[in-house]
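The structure appears below as structure tokens.
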Amino acid sequence: MVIISSVLILLVAFTIPAFAETLVSVGTNAKSYKEGETIVISGTVSTVLPGTPITMQIFSEGNLVDIAQITVAADGSYSHTIIAQGPLWTKAGEYTIRASYGEGKIAETQFAFALKSGVTTTDIFEVDAGSYGTFDV
């Protein structure tokens with residue numbers, strides 16, 4: 001009976017760490033951004049897996065806009081900076097950042113994105129061309 005109890009204690013002691021949950025967090029330095037602004041993405045992992053990067057993906061309406069692999073520091077922190085612009089940043093609205101780490105460890109956060117205003121103001125000047133009439137410039 002003592003042997004069985006000892007074996008059970010050893011099994012429990014060595015299997016609990018194998019099931020320890022690795023927690024992942026992700027966040028941004030602001031809740032909304034305009035086209036061309038800098039986005040700082042950061043977070044932590046509770047258990048560092050040496051040589052395993054965070055895979056960061058940004059989505060707009062289910063479409064992949066940006067992707068990166070980020071090195072995790074020894075203390076479990078990570079950070080990544082991107083500029084909110086480029087050919088895939090075409091729609092204003094809510095964007096989702098998904099941070100994946102190891103097998104099945106995922107965290108998500110959202111931010112609002114606005115395009116630069118395409119409206120430009122112009123002044124119209126009338127030019128008198130003599131006998132040819134007037135023209136707006």
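The values are calculated or read from the model by the stated rules, or taken from the named source; none is laboratory data. For clarity, every value in this text was computed on a predicted model and none was experimentally measured. When we count neighbours, we look across all protein chains shown, and the Cβ atoms used for this are built from the backbone with ideal geometry, even at glycine. The accessibility values were calculated without ligands, DNA or RNA, using every heavy atom of the protein model including side chains. Shrake-Rupley method; radii C 1.70, N 1.55, O 1.52, S 1.80 Å.
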Would you be able to tell me the number of residues in segment 31-61 that are open to solvent by 40 Å² or more (accessible area, probe 1.4 Å), part of a strand (DSSP E or B) and either closer than 11 Å to residue 83 by Cα or among the hydrophobic types (A, V, I, L, M, F, W, C) (or both)? 3
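Being touching a residue at least 40 places away in the same chain (Cβ under 8 Å), open to solvent by 60 Å² or more (accessible area, probe 1.4 Å), closer than 16 Å to residue 112 by Cα and touching a Ser or Thr at 6+ places or on another chain (Cβ under 9 Å), is that true of even one residue in segment 74-82?
Within segment 74-82, not a single residue is touching a residue at least 40 places away in the same chain (Cβ under 8 Å), open to solvent by 60 Å² or more (accessible area, probe 1.4 Å), closer than 16 Å to residue 112 by Cα and touching a Ser or Thr at 6+ places or on another chain (Cβ under 9 Å).
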Quick one: in segment 31-49, which of the residues that are within 20 Å of residue 107 (Cβ to Cβ) and touching a residue at least 60 places away in the same chain (Cβ under 8 Å) is farthest from the chain's Cα centre (by Cα)? 45
Is it true that residue 72 is assigned to a loop (DSSP other than H, G, I, E, B), among the aliphatic types (A, V, I, L, M) and modelled with pLDDT of 95 or more? yes
Mind checking whether some residue in segment 99-109 is at pLDDT 95 or above and within 20 Å of residue 35 (Cβ to Cβ)? yes
Return the residues of segment 70-82 that are more than 17 Å from residue 109 (Cα to Cα) and of a type outside the set (Asp, Glu); say none if nothing qualifies. 71, 72, 73, 74, 76
